[in-house]
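Working notes, structure below.
A short reminder: the numbers here are calculations on the coordinates, not readings from a lab. Predicted model, so just to flag it, every value in this text is computed and none were measured. When we count neighbours, we look across all protein chains shown, and the Cβ atoms used for this are built from the backbone with ideal geometry, even at glycine.
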Amino acid sequence: MFLRNKIKVNNLINSDDQRNYIKNEIINIISKISKINASEINDDILIREELNVDSLMAMEILSAIEVKFKIRVNEEEIIKISTIGEFIDMIYLIIHK
């Protein structure tokens with residue numbers, strides 16, 4: 001599974017395609033867990049304030065993303081994140097380390 005996800009991300013033509021793939025996957029995970037329509041989630045949305053994501057929901061989202069992309073996210077870094085776009089960028093950078 002990890003290899004398939006890694007290949008899928010790496011085989012995309014350019015970094016915009018890669019970021020869009022990652023963004024769509026993350027938004028789908030957030031939408032499923034938060035019960036918010038994916039079309040209402042964009043880069044500028046404030047995670048805590050606008051999505052009303054509590055700590056338990058945040059851990060569930062983070063865990064699902066770690067499993068999906070086979071990565072580990074430093075919880076200290078998460079605290080610094082406010083928007084969906086910042087979160088997507090952080091995950092993108094972790095995947096491409």
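State the number of residues belonging to the stretch 41-72 that are free of Cβ contacts under 8 Å to residues at least 60 places away in the same chain, under 18 Å from residue 21 (Cα atoms) and not acidic (Asp, Glu). Quick ask: steps written out before the conclusion?
Residues of the stretch 41-72 free of Cβ contacts under 8 Å to residues at least 60 places away in the same chain: 41-67, 71-72.
Keeping just the survivors that are under 18 Å from residue 21 (Cα atoms) gives 41-44, 61-62, 64-67, 71.
Narrowing the set further to residues that are not acidic (Asp, Glu) leaves 41-42, 61-62, 64-65, 67, 71.
Going through the stretch 41-72 one residue at a time, the tally reaches 8.
Look through the stretch 44-67, keep the residues that are small (Gly, Ala, Ser) and farther than 12 Å from residue 34 by Cβ, and return whichever of them is nearest to the chain's Cα centre (by Cα).
63
Need the failing condition index for residue 28 against (1) farther than 14 Å from residue 91 by Cα; (2) under 11 Å from the mean Cα position of the chain (by Cα); (3) not in a helix (DSSP H, G or I), just the number.
It fails just one condition, (3).
Which ones in the stretch 73-85 are free of Cβ contacts under 8 Å to residues at least 12 places away in the same chain and either in a loop (DSSP other than H, G, I, E, B) or surrounded by 15 or more Cβ atoms within 10 Å (Cβ to Cβ) (or both)?
74, 79, 80
Residue check: is residue 53 in contact with a Ser or Thr (Cβ under 9 Å, 6 or more places away or on another chain), part of a loop (DSSP other than H, G, I, E, B) and crowded, with 17+ Cβ neighbours inside 10 Å?
Criteria met by residue 53.
Search the stretch 18-36 for residues that are touching a residue at least 12 places away in the same chain (Cβ under 8 Å) and closer than 14 Å to residue 64 by Cβ and pair each with any residue that is part of a helix (DSSP H, G or I) and of a type in the set (Ser, Thr, Tyr) when their beta-carbon atoms are under 7 Å apart and the residues are at least 6 apart or on different chains.
As it stands, the answer is 22/92, since those pairs meet every condition given.
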